[in-house]
Amino acid sequence: MIKIRVPATSANLGPGFDCLGLALNIWNEVSFEPAEKLSYHVTGEGAEKLNKGTKNLLTKAFTLLHEVCGREMRGASIQAKNEILISSGLGSSAAAIVSGLFGANEMLGKPLNEVELLKLATEMEGHPDNVAPALLGGLVISVVSDDEIITRRYEIPEFTIVIVKPDVEWLTKTARAVLPKSVSRADSIYNIGRTTLVVDALRNGDLDLLQKVMDDRIHQPYRLKHISGGMTAYKIAKQFGAAALSGAGPSIIAFVPPENAEQAKAEIQSVFEKLGIESRGIITKPGSAGVHCL
Ligand code: HSE
């Protein structure tokens with residue numbers, strides 16, 4: 001039997017749309033046991049939704065890896081203990097893809113290397129910014145080149161991170177559909193400089209700089225206005241430190257001084273509460289490890 005764990009991830013980190021991602025200290029644990037047929041069962045986050053039907057991203061990824069390697073899929077009993085909130089902007093689909101690919105690869109004696117796994121995962125997800133840190137851990141910059149995904153991975157200091165996920169309907173498909181097809185030169189310049197400085201601030205543990213540069217003009221303004229309470233919650237989060245929409249949302253992620261974390265979480269959640277929207281609040285840290293065997 002193989003047991004693995006895979007981290008939640010927060011993509012974009014403000015201006016780094018589709019390029020930056022950070023692994024978090026929130027994990028799904030998945031075990032794979034050889035069996036006659038392929039079966040899948042989840043406990044924890046999203047169990048009710050994920051246990052419906054037999055096909056999901058994890059089993060698809062598990063099957064795909066066998067196909068790509070030209071190996072017969074003999075079946076497996078897959079059990080997942082999920083901690084990553086689903087439909088939240090915390091990389092639950094990337095975690096499912098990465099665990100399916102990684103688990104199958106381990107069971108087959110590692111026919112694919114990390115670079116090949118990343119390429120497959122990116123093809124399944126459509127962009128590399130969540131799957132790359134789910135695989136590699138830490139802060140990851142990823143760029144899709146002609147036929148490879150170029151990445152650089154960095155360990156970052158122990159920031160305190162607050163995440164608030166409002167209980168609103170917000171599909172990734174919608175979150176991409178609301179974006180403009182093109183952006184202006186001014187907005188591109190705005191984001192390019194800030195993206196490089198977000199990486200610098202994260203690597204150096206510089207919360208003051210992060211607070212000044214974690215801003216975006218190419219996706220957040222278009223998305224936040226469709227998320228009830230989103231813009232107000234984001235503005236409140238910024239009062240405590242550096243804030244962004246986590247991935248495509250709807251969660252807000254804030255990097256705050258440790259002593260203010262509880263208050264930040266409570267005040268961000270109260271924005272949604274006033275609108276009659278339930279929310280979940282989490283205080284966590286960056287995760288330095290990517291998917292690995294236990
Ligand atoms: N970069 C992606 C986006 C992450 O913002 O749409 C979510 O899948």
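On inspection, Leu135 passes the criterion of being open to solvent by less than 40 Å² (accessible area, probe 1.4 Å) and in contact with an Asp or Glu (Cβ under 7 Å, 6 or more places away or on another chain).
Within the span defined as the range 256-266, every residue fails to be within 15 Å of the ligand (Cβ to nearest atom), modelled with pLDDT of 95 or more and assigned to a helix (DSSP H, G or I).
Tell me the residue from Ser145, Ser99 that is surrounded by fewer than 18 Cβ atoms within 10 Å (Cβ to Cβ), among the hydroxyl-bearing types (Ser, Thr, Tyr) and away from the ligand (no atom under 16 Å from the Cβ), please. Step through it out loud before you land on a result.
On the way: Ser99 fails: surrounded by fewer than 18 Cβ atoms within 10 Å (Cβ to Cβ).
None of the others qualify; the one that does is Ser145.
Taking the conditions (1) surrounded by fewer than 22 Cβ atoms within 10 Å (Cβ to Cβ); (2) in a helix (DSSP H, G or I); (3) not aliphatic (A, V, I, L, M) in turn, Phe272 satisfies each one other than (1).
The one condition from (1) at pLDDT 95 or above; (2) open to solvent by less than 70 Å² (accessible area, probe 1.4 Å); (3) assigned to a strand (DSSP E or B) that Asn25 does not meet is (2). Elements of the type strands (runs of 3 or more DSSP E) sitting completely within the range 63-156 and holding at least 2 residues that are more than 25 Å from Val198 (Cα to Cα) and either under 17 Å from the mean Cα position of the chain (by Cα) or touching a residue at least 40 places away in the same chain (Cβ under 8 Å) (or both): these cover 76-82. Just one of the listed residues (Thr195, Thr232) is under 22 Å from Pro286 (Cα atoms) and either more than 12 Å from the ligand (Cβ to nearest atom) or in contact with a His (Cβ under 6 Å, 6 or more places away or on another chain) (or both), namely Thr195. Residues of the range 101-120 that are under 23 Å from Ser145 (Cα atoms) and among the acidic types (Asp, Glu): Glu114, Glu116.
For the range 199-210, indicate whether the set of residues that are among the β-branched types (Val, Ile, Thr) and closer than 26 Å to Gln239 by Cβ is non-empty. Checked the range 199-210: at least one residue is among the β-branched types (Val, Ile, Thr) and closer than 26 Å to Gln239 by Cβ.
Take the residues in the range 16-37 that are of a type in the set (A, V, I, L, M) and under 19 Å from Ala121 (Cβ atoms), then tell me which one is nearest to the ligand (Cβ to nearest atom). Taking the candidates together, the pick is Leu20. Scanning for something open to solvent by 50 Å² or more (accessible area, probe 1.4 Å), at pLDDT 95 or above and away from the ligand (no atom under 16 Å from the Cβ), does the range 5-15 turn up at least one residue? The answer is yes; a qualifying residue exists.
Please determine whether any residue of the range 150-158 is within 14 Å of the ligand (Cβ to nearest atom) and either touching a Phe, Trp or Tyr at 6+ places or on another chain (Cβ under 8 Å) or open to solvent by less than 50 Å² (accessible area, probe 1.4 Å) (or both). Give the derivation first.
Start the filter on the range 150-158 by keeping residues that are within 14 Å of the ligand (Cβ to nearest atom), which leaves none.
No - not one qualifying residue is present in the range 150-158.
Evaluation of Leu50 against the conditions (1) more than 14 Å from the ligand (Cβ to nearest atom); (2) surrounded by fewer than 21 Cβ atoms within 10 Å (Cβ to Cβ) shows that the sole unmet condition is (2). No other residue among Glu123, Glu72, Glu67, Glu116 is charged (D, E, K, R) and within 16 Å of the ligand (Cβ to nearest atom) apart from Glu123.
So how many residues does the range 157-174 have that are modelled with pLDDT of 95 or more and not in a loop (DSSP other than H, G, I, E, B)?
Of the range 157-174, the ones modelled with pLDDT of 95 or more are 157-168.
Cutting the leftovers down to not in a loop (DSSP other than H, G, I, E, B) gives us 160-166.
Qualifying residue count for the region: 7.
Conditions first: (1) open to solvent by 40 Å² or more (accessible area, probe 1.4 Å); (2) touching a strand residue (DSSP E or B) at 6+ places or on another chain (Cβ under 6 Å). Glu262 passes all but one, so which condition is the exception? Answer for Glu262: the failing condition is (2). Restricting attention to the range 186-245, the residues that are surrounded by 22 or more Cβ atoms within 10 Å (Cβ to Cβ), small (Gly, Ala, Ser) and not in a helix (DSSP H, G or I) total 5.
The values are calculated or read from the model by the stated rules, or taken from the named source; none is laboratory data. Just so it is clear, the structure is predicted and the values come from calculations on it, not from any experiment. Every residue, glycine among them, receives a Cβ derived from its backbone with ideal geometry; neighbour counts consider all protein chains shown. Remember, those area values only see protein heavy atoms, side chains included, never the ligands or the DNA or RNA. Shrake-Rupley method; radii C 1.70, N 1.55, O 1.52, S 1.80 Å.
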